[in-house]
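Okay, structure first, notes after.
The values are calculated or read from the model by the stated rules, or taken from the named source; none is laboratory data. Predicted, not measured: the structure shown is a model, and the values here were computed from it. With ideal geometry, Cβ positions are generated from the backbone for all residues, glycine too; neighbour counts draw on all protein chains shown.
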Amino acid sequence: MIRTIYFDCDSTLSSIEGIDELGHFAGDKLSKQLAKLTNQAMNGALPLEGVYPQRLELLRPTASQVASLGESYIARLVPQAEEVIIALGHLGKQIGIVSGGIRQAVLPLARHLGIPAERVHAVELAFDADGGYVDFDHESSLWKSGGKASLLGALPARQHPICLVGDGITDLEAAKSVELFVGFGGVARRKVVESTCEHYLPGPGLGGLLEILLDEEELADLREQPVFAALLQS
């Protein structure tokens, strides 16, 4: 029985890619350049550490822009994300987020979904007194290839068995560190993920996740609740 479910943020819980969203502040040319780098990294064509510092240095996002991104994450939730998390909470599951995105932007989304800050793993940015970009947390493993696998593999036994849900190559890499991995294609269908993982949810919403990770007793519990029964039928 799965005890903890970790979700990726970008293109999994929310339908946007945070770094690309920040690119809108920088104009069309830079935005397209950033989107290309993101796709190459998420599809495995480039190592994450090869693009992560480059993207942030190009953008140099301000604290106010990052705050705006947090609002966008909430406004662009993937269909059924909130309902699925409520259903999992009803069953006593622990929920977390593991993301190579910006922690200050992911935290508002986590609060909106009722996910405690201690189970939010993302990359912290440093800003100066005026809110200007200074640097990112180089000590975090999440800006590097294999970072999610390393982090999830180091989680305490009390969080296991763990399910990870995500769309990209960094999520697929982490499959070896958890008991269940579910690839999600509701926002971005990445061939390397779809063709490799055993469990793949095409979307567009997250409702189908419940049938994959819950046992019959847990599903029966949800079916007894009208709001959750409707979710299972979606």
Just a yes or no: is a residue in the stretch 15-25 crowded, with 18+ Cβ neighbours inside 10 Å and under 30 Å from Asp221 (Cβ atoms)? yes
Looking at Asp135 and the list (1) in contact (Cβ under 8 Å) with a residue 40 or more places away in the chain; (2) more than 30 Å from Lys191 (Cβ to Cβ); (3) not small (Gly, Ala, Ser), which single condition is not satisfied? (1)
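Being surrounded by fewer than 18 Cβ atoms within 10 Å (Cβ to Cβ), over 13 Å from the mean Cα position of the chain (by Cα), modelled with pLDDT of 95 or more and over 29 Å from Ala87 (Cα atoms) narrows it down to one residue among Ser150, Ser140; which is it? Steps first, answer last, please.
Numbers: Ser150 fails: over 29 Å from Ala87 (Cα atoms).
From the options Ser150, Ser140, the qualifying one is Ser140.
Could you please let me know if Ile169 is among the hydrophobic types (A, V, I, L, M, F, W, C) and at pLDDT below 95? Before the answer, list the steps.
Numbers: among the hydrophobic types (A, V, I, L, M, F, W, C): yes; at pLDDT below 95: yes.
Against the criterion (among the hydrophobic types (A, V, I, L, M, F, W, C) and at pLDDT below 95), Ile169 qualifies.
If a residue has to be assigned to a loop (DSSP other than H, G, I, E, B) and of a type outside the set (S, T, N, Q) to count, how many in the stretch 167-195 make the cut?
Number satisfying all stated conditions: 10.
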Within the stretch 97-108, work out how many residues are buried (at least 21 other Cβ atoms within 10 Å of the Cβ) and in contact (Cβ under 8 Å) with a residue 40 or more places away in the chain. 8
List the number of the failed condition for Ala67; all other conditions in (1) of a type in the set (Gly, Ala, Ser); (2) in contact with a Pro (Cβ under 7 Å, 6 or more places away or on another chain); (3) more than 23 Å from Val165 (Cβ to Cβ) hold. (2)
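Going by what's in this entry, would Asp167 be described as charged (D, E, K, R) and touching a residue at least 60 places away in the same chain (Cβ under 8 Å)?
Working: charged (D, E, K, R): yes; touching a residue at least 60 places away in the same chain (Cβ under 8 Å): yes.
So Asp167 passes the test.
Could you go through the stretch 50-66 and let me know if any residue there is out of contact with any helix residue (DSSP H, G or I) (no Cβ under 9 Å at 6 or more places or on another chain) and within 30 Å of Val227 (Cβ to Cβ).
So in the stretch 50-66, the residues out of contact with any helix residue (DSSP H, G or I) (no Cβ under 9 Å at 6 or more places or on another chain) come out as 53, 57, 60, 62, 64.
Filter once more, so that each one left must be within 30 Å of Val227 (Cβ to Cβ): none.
Among the residues of the stretch 50-66, not one is out of contact with any helix residue (DSSP H, G or I) (no Cβ under 9 Å at 6 or more places or on another chain) and within 30 Å of Val227 (Cβ to Cβ), which makes the answer no.
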Find all pairs meeting these conditions: Cβ atoms under 6 angstrom apart; at least six residues apart or on different chains; first residue within the stretch 175-191 and among the basic types (Lys, Arg); second residue part of a loop (DSSP other than H, G, I, E, B) and surrounded by fewer than 23 Cβ atoms within 10 Å (Cβ to Cβ). Arg190/Asn43
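Could you say whether any residue in the stretch 39-53 is modelled with pLDDT of 85 or more, over 24 Å from Val193 (Cβ atoms) and not aromatic (Phe, Trp, Tyr)? Give the derivation first.
Residues of the stretch 39-53 that are modelled with pLDDT of 85 or more, as a first pass: 52-53.
Still in the running and over 24 Å from Val193 (Cβ atoms): 53.
Subsequent filtering for residues that are not aromatic (Phe, Trp, Tyr) retains 53.
Yes, because at least one residue in the stretch 39-53 is modelled with pLDDT of 85 or more, over 24 Å from Val193 (Cβ atoms) and not aromatic (Phe, Trp, Tyr).
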How many of the residues in the stretch 32-88 are surrounded by 21 or more Cβ atoms within 10 Å (Cβ to Cβ) and touching a Ser or Thr at 6+ places or on another chain (Cβ under 6 Å)? 3
If a residue has to be closer than 18 Å to Glu49 by Cα and part of a loop (DSSP other than H, G, I, E, B) to count, how many in the stretch 132-166 make the cut? 10
If you check Val193, Val165, which single one turns out to be surrounded by 14 or more Cβ atoms within 10 Å (Cβ to Cβ), in contact with a Phe, Trp or Tyr (Cβ under 7 Å, 6 or more places away or on another chain) and β-branched (Val, Ile, Thr)? Val165
Which residue out of Leu37, Leu58 is over 15 Å from the mean Cα position of the chain (by Cα) and under 26 Å from Gly203 (Cα atoms)? Leu37
